[in-house]
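Laboratory data are not the source of any read-out in this text; all were calculated from the coordinates shown. What you see is a predicted model; the values in this text were computed from it and never measured. With ideal geometry, Cβ positions are generated from the backbone for all residues, glycine too; neighbour counts draw on all protein chains shown.
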Amino acid sequence: MRLICCVLLLLTVLPLSGCGYSAYGLYDDKRLMDTITDDKGIATAIKTDLLNNSFSQGWGTAVYCYYGHVFLVGEVPQNMRDKAVTIARRHQGVRSVTTHWFSPATSGTSNLVLSAKLRTALISKGKLSSTRIDTEVNAGRVVLLGVVENAEERDLALDAARHVEGVTSVKSYLMTPLGGNEAALTPVSVDAARPAGSASKGAQGGTTAGTSAESPALEERSL
């Protein structure tokens, strides 16, 4: 019986593969439980729909949803991208669809290793609740998604990510809780932190703002 209980406990902390959610982070999520449930249902339904429509042939597409706003992140051939958006938009409850498509690239650090280093860096930020931040890593390029308290938390996450060894660029789609006093956060791109003593162009407040050369263009489609 003790072994069964331990297994069940372990299962509760494992992430839902491909849907962008992990049970251990629910306690600190700023969304209401009903909203979380609805968002998880939307993300799962879209992911299943994609898999049933030829999106399982070696292409990685992660699906995230916050307050009905859907994010598709991954590598998808150019001729399949509009189809992915069409599939996502047809699901009930979807308010908008934002895509972040990675172009093929290679990196000296595996995505799995870099993901672990990135999670450690986020956890190390004392004033940042890392359990509310989802991450996608592709050949050194990082995408941050989720719901944060305010712009300060967003900036802490960006700073943590850009200082991880092996990261080349960071894109934030982090948002604040709907209905709160905080203004909506716009997507932000930053380059990786440069070694001490190297030149930095356009640095502001310790980060290099602007669209990174390796960050795909933002595509947002509201319903």
Cβ-defined net charge surrounding GLY93, 9 Å radius [Lys, Arg +1; Asp, Glu -1]: -1
Peptides 141-154, 107-120 ordered by average Cβ neighbours within 10 Å, highest first: 141-154, 107-120
Order by protection proxy (mean Cβ within 10 Å, highest first), peptides 122-128, 160-166, 88-94: 160-166, 88-94, 122-128
Stretch gain in nm, segment ALA151-ASN79, where the contour uses 0.36 nm per residue and the Cα spacing is subtracted: 22.3 nm
Listed residue pairs exceeding 31 Å between alpha carbons, taken from LYS40/LYS127; LYS47/LYS127; LYS127/LYS171: LYS47/LYS127
Efficiency of FRET between ALA183 and LYS127 - r from beta-carbon atoms, R0 22 angstrom, step 0.05: 0.65
